[in-house]
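Here is the structure we will look at.
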Amino acid sequence: MKTLSIITILLLGLVHLPTQAQTNDIKARIEEAMSAGPPSITKNATILDYSSEPDGKPIVLREGTNGWTCFPDNPHMDGYNPMCIDDQIIELFSAIKEKRTPDITRTGFGYFLQGGAPRSNTNPWDTSPTPDNEWMEIQVPHIVVVSPDESVIEGIPTNSDNGGPWVMWSGTPYVHIMIPVPKYMQK
């Protein structure tokens, strides 16, 4: 009988461990998502996580109140890429995924203060370097700006190595401005 009680206690303890581990993992994923943007935005942002399936629906980790959405690192992409984005950047990324023209209705912003995944600077669908796609193996921490008024990009270089802001995906419906920022460290 004593053995049965010990086994029961051990099993109950083991059942609790995954729950605690899940809680710790959720907290870690929320913190990782929040590292993508400034605290003034992330503290009230919705936090979503990626499904275990590459095309699965996002999982809500925390409901927000300010219209911003933050994601931790995407396990389905190379690189480290947590992000905090508004509805216009969500529209831009959705349009790319669906291969349609985005419906950008106002200036939109996205924070990638930890950097981003390796990407082509010229073609949103390239997944590896080519001789002419200006591959960015490491993306610097940056802010993304999209606007319905394409005149805002006039005069901004398209080369990501120019030392300042640049236009990414120029000549496509997905054109936007990339603004490099110093590496951001949350305290």
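The values are calculated or read from the model by the stated rules, or taken from the named source; none is laboratory data. All figures in this text were calculated on a predicted structure; none of them were measured in a lab. Every residue, glycine among them, receives a Cβ derived from its backbone with ideal geometry; neighbour counts consider all protein chains shown. Areas reflect the complete protein model, heavy atoms only, side chains present, ligands, DNA and RNA absent. Shrake-Rupley method; radii C 1.70, N 1.55, O 1.52, S 1.80 Å.
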Any idea how many residues of the stretch 128-170 are assigned to a loop (DSSP other than H, G, I, E, B) and closer than 24 Å to THR101 by Cα? 17
Please specify each residue of the stretch 103-123 satisfying the condition of being more than 15 Å from the chain's Cα centre (by Cα) and buried (at least 19 other Cβ atoms within 10 Å of the Cβ). ILE104, SER120, ASN121
Being closer than 14 Å to ARG119 by Cα and either open to solvent by 70 Å² or more (accessible area, probe 1.4 Å) or among the hydroxyl-bearing types (Ser, Thr, Tyr) (or both) is the filter here, so list the residues in the stretch 171-187 that pass it. TYR174
Answer residue from the stretch 125-146, given it is more than 15 Å from the chain's Cα centre (by Cα) and open to solvent by less than 30 Å² (accessible area, probe 1.4 Å) and is nearest to PRO173 (Cα to Cα) among those: VAL146
Cβ-Cβ distance below 7 Å, separation of 6 or more or different chains: which pairs start in the stretch 105-130 with a residue that is of a type in the set (Val, Ile, Thr) and end on one that is open to solvent by 30 Å² or more (accessible area, probe 1.4 Å)? THR105/PRO148; THR122/GLU134
Return the residues of the stretch 62-119 that are under 18 Å from GLU150 (Cα atoms) and aromatic (Phe, Trp, Tyr); say none if nothing qualifies. PHE93, PHE109
Restricting attention to the stretch 83-90, does a residue exist that is open to solvent by 40 Å² or more (accessible area, probe 1.4 Å) and of a type outside the set (Asp, Glu)? yes
